[in-house]
Every structure is written in C-alpha cells, then in structure tokens.
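Take a look at the structure set out below.
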Amino acid sequence: MRAGHLLTLMVLSVSAVGCSPERASGVRVQAGAPVLQAVGVRAAVAGVGTLRATRSASGTVVAGRDVQVAAETSGRVVTVSRLAGETVKAGEVVVRLDDAAARDALRDAELAVQSARITLQSSRRAAPGTLVGAGARMAAADTTLANAERSLAANSELYAAGGLSRVDLEASRAAVSSARAERQATLRELQTAERAPSEGIALQEVGLAQAENRVSQLRRDLARTAVRAPFAGRLAEVGARVGAYLNAGSPAFRLLDSASVRVDFQVSPADAARLASGTALSVVVGGQSFAGRVSRNAAATGQSRLVELSARFVGAATVPVGAAAVVRYQTTLARGTLVPSGAVQTEGGENFVYVLSAGRAVRTAVTVLGESGGQVAARGVASGARVITPVPAGLQPGAAVRLVGGGS
C-alpha cells in the first residue's frame, strides 16, 4: 500500500509538470491554482490618427443666371450664328432679323435731318439781310413824311398870303396823309422783320430736334433686329430658326451663365459644420465626375434640419442645368486612437476593449469619438496597445489568451 501511494504521487507530479501553465502561456501561476487553457485570439495594434468618412448627398445642377432672351421687335429670322451648347461672349449677336425696312426708314429720317439743317442755316444767314432792307425802307418813309410836312407848312403860309390856291393846299395835306400811312405800313413791316427771324428760326430748330429724335428712335429699332447675348455664357437652347417669323417678346434663345453654374445639395448640420467654403469635393453628373468646391454654406447656429449648401465646378464643366447630381465629400469625424470597430464592446452603457497584456485579456474602458468604415476613434486606450479583435464569445476580463495567426 505504501508502494502504491508513492506511485500515485509520482504520476501526479509528472502530470503537473506536463501541464504547467507557465509553459503554456508564459505567465507565472500561483501553486495550487486551477489550470486554465488560454483562448486563441487575434489582435490589432492601436494607433493615433484622424478618422475620416466619405459621404454622398443628392443634388441638382442649377445656374445663378438662366434667362430666356426674347426678340425686342418682330421680323423674319435671317441668321442664327450659334447653336445650343456653344459659348458666347457678352454682346455677341446670336440671332439677326430682317432689317431692310428698318434701314430704309433710318435713311429717310437721316435725309430729313439734313434738309432741316440746311433750311435752318439758310434762315439764319438770310435774317440779317431781311432786317437791313426793312430798316432802309423805314428810313425812306421817314424822309418822305418829313418832306411832305415841310411842304405843307410852306404851302399853308403861301395860302394865307393869297399866293396859293386852296386846291394846291389840299393836295399838300393829302401828300402828308399819304406819307404818314406809308410810314406806318413800313414800320409794321420793320417790326415783322425783327420778330420773324427769331420766331421762324425757333420753329425750324424744333423741327430739326424732332427729326434728330426720329433718327435716334429708328437707330434703336435697327439695333433691336440683332438679338444679342446679355452676358457671357453657354446657350442651353436656340429656338429661333432661319426663315421663321419671330414676334416681339418671343424667346429667341436660352442663355446660362457658365461661371454661375453650381450644384445645390443638403447635408446634416454636423457635416455642414465641417464643410467650410472652399472645401474640395467631387460632383458626379451623368456618370461623369467633376471637381468642385463648396461655395455657399447656409448653416446656422443651433440648426437641426438639413443644411443647404452649394458647390461650384472647378474649371470648365459642360453639364445640363436641372440634371441630378451626386456630391461626394470627405469629412473629419474625430482624432484619437484608431481601433477596429469589432474590438469595441458595450456593457451596462460602457464601451470597452480588451487589451492583450502579459497573456491576459485586460478590459479597458474607452470613449468612442467617432466610427466609420470599420474603424473607431476612441479615447482611453494607449497608442501601440494590442487590442483583441474580433472578441471571442464569452471572453472574460483577465482570461488567459494567446495570439493565433500572427495577429496584426
């Protein structure tokens, strides 16, 4: 029996040596403690970094200036110099209407102006001569009246002395009356000559001004036969057709301001706070990707609804206005220690990870700062720590663990 007891002790001793936990895990285990088999795990090395996410938002291509340019006068279309999709300069003629009638009317009005100028110049030159002639006639009438009055005075003395007959005296009196009447008529003529030039010239000046205004109006009418681009841009539509009649007010073409074409889209307030003006992004329209930058951000403090943003294209981008677009942008979520999402566990409202340390799974509380693309930015775990991921089911804090598959 003693020999059997010794044999049993030897077997137990050998068994204990063969299953030593020190040899299995490299961790010293207190003598007499139960032997636990290490759990095979994989681990990732945590590192400090910035967590970014690529987001997408639906948008619509719009233009800041999108106008229908209409004809200002009616007429038959004779030329269309540009097609839809082409670019034009400010003031460039896109559609021209038949201007033959407008040119004829303008030519007649210009001739009327020339005639009015000639008449006015002639009146201004003739006015001094007319006045001189009337003045000379007035002087002659004064002389005739003075002579008749002197003759009447002399004849009256002769008649009183009996040296002149009454018939001759009456003849002298009649000559004075005639001379006075002639002088009065000449005076009226002189007064008319003095007024007539100024009044006539004034009327002629008014006629010339009216003729010049008519020319200006007809020149504007002629200019309206050319339908021009009000600003530089791209032709979205050209409705005018050569040979067709275009009424005043009818649209000739639709013009977009290429420099103001943009994409309007909406994002969450959190993303809007990170998308400052000038932030680079990409815009996909019709399967084609274009570079863009944020040009407007309508975010307001405390806003809880989606925020309106606009993005302009970088460089030339020929895209249809009104088309649907997809805006892709990167946003910075957080900066912290980056660990795989599968490493973060939650229990009782607490987030934690298991850090592999000295062959044991050490539960470590963390604060999640952000998550995207299978990664979590956290605070509470040191950079360089080996974080167990994925976490085996039923893993307990302090459990013996061993790396399998080399870890990461």
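Before moving on, here are some points about what is shown:
- Positions within the stretch 256-315 being under 26 Å from V238 (Cβ atoms), under 19 Å from the mean Cα position of the chain (by Cα) and among the polar types (S, T, N, Q), in sequence order: S258, S260
- Subset of the stretch 342-364 [part of a strand (DSSP E or B) and loosely packed, with under 12 Cβ neighbours inside 10 Å]: T346, E347, E350
- Selection over the stretch 269-290 of residues that are hydrophobic (A, V, I, L, M, F, W, C), modelled with pLDDT of 90 or more and over 14 Å from V61 (Cα atoms) gives a count of 5.
- Residue list for the stretch 365-401, restricted to those being among the charged types (D, E, K, R) and crowded, with 16+ Cβ neighbours inside 10 Å: E371, R386
- Qualifying positions in the stretch 368-393 - touching a strand residue (DSSP E or B) at 6+ places or on another chain (Cβ under 9 Å) and not in a strand (DSSP E or B): G373, G374, G380, V381, A382, S383, G384, A385, T389, P390, V391, P392
- Meets criteria (under 30 Å from R96 (Cα atoms), more than 33 Å from the chain's Cα centre (by Cα), in a helix (DSSP H, G or I) and of a type in the set (S, T, N, Q)) for S172: no
- Condition met for A252 (in the same structural domain as A236 (by TED's automatic domain parsing), at pLDDT 90 or above, farther than 30 Å from R386 by Cα and surrounded by 15 or more Cβ atoms within 10 Å (Cβ to Cβ)): yes
- Checking Q68 against (1) under 16 Å from S250 (Cα atoms); (2) out of contact with any helix residue (DSSP H, G or I) (no Cβ under 9 Å at 6 or more places or on another chain); (3) surrounded by 15 or more Cβ atoms within 10 Å (Cβ to Cβ), the condition it does not meet: (3)
- L235 passes every criterion in (1) touching an Asp or Glu at 6+ places or on another chain (Cβ under 6 Å); (2) in a helix (DSSP H, G or I) apart from (2).
This table checks each residue for (1) within 30 Å of L395 (Cα to Cα); (2) modelled with pLDDT of 50 or more.
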residue	(1), (2)
S15	yes, no
C19	yes, no
L36	yes, yes
R52	no, yes
G59	no, yes
G64	no, yes
A71	no, yes
R76	no, yes
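The values are calculated or read from the model by the stated rules, or taken from the named source; none is laboratory data. Quick caveat, the model's predicted, so the values are computed rather than measured. Glycine gets a Cβ as well: all are built from the backbone with ideal geometry, and neighbour counts include every protein chain shown.
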